[in-house]
1. Please give the number of the condition Glu17 fails out of (1) more than 11 Å from the chain's Cα centre (by Cα); (2) exposed (fewer than 12 other Cβ atoms within 10 Å of the Cβ); (3) assigned to a helix (DSSP H, G or I).
2. Across the range 36-60, what is the number of residues that are more than 19 Å from Asp3 (Cα to Cα) and in contact with a strand residue (DSSP E or B) (Cβ under 9 Å, 6 or more places away or on another chain)?
3. Could you list all residues from the range 34-49 that are out of contact with any Phe, Trp or Tyr (no Cβ under 9 Å at 6 or more places or on another chain) and either part of a strand (DSSP E or B) or surrounded by 10 or more Cβ atoms within 10 Å (Cβ to Cβ) (or both)?
Amino acid sequence: MADRLYLCGPLAAHAAEAARLAGMDADAIICTSQHDEIVVDMVARAEAGDFILVKGSRGMHMEMVSEGIRCAMK
């Protein structure tokens, strides 16, 4: 299971509820409407060796998160 789940967009609450029902701790589920909030939190918590998976539709522009993480981790 993942340590944290970041959700963004209008259906985030539904995905968060499904994650809670599957046993994920509510404190590990972060819902936001801003990509930059995800980047800031991820970068602050990331440690060497962490594996980060960014998944989302092209319409959600999750490449903004990937690029933000790459730039911040240089």
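1. Only one criterion in (1) more than 11 Å from the chain's Cα centre (by Cα); (2) exposed (fewer than 12 other Cβ atoms within 10 Å of the Cβ); (3) assigned to a helix (DSSP H, G or I) is unmet by Glu17, namely (2).
2. Qualifying residue count, the range 36-60: 1.
3. Gln34, His35, Asp36, Val39, Val40, Val43, Arg45, Ala46
For (1) modelled with pLDDT of 95 or more; (2) on the phi > 0 side of the Ramachandran plot; (3) among the acidic types (Asp, Glu), each residue gets a yes or a no:
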site: Leu5; (1), (2), (3): yes, no, no
site: Arg20; (1), (2), (3): yes, no, no
site: Ser33; (1), (2), (3): no, no, no
site: Val39; (1), (2), (3): yes, no, no
site: Glu47; (1), (2), (3): no, no, yes
site: Lys55; (1), (2), (3): no, no, no
site: Arg70; (1), (2), (3): no, no, no
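The values are calculated or read from the model by the stated rules, or taken from the named source; none is laboratory data. Values in this document were obtained by computation on a predicted structure and should not be read as measured data. Neighbour counts run over all protein chains shown; Cβ positions are idealised from the backbone, glycine included.
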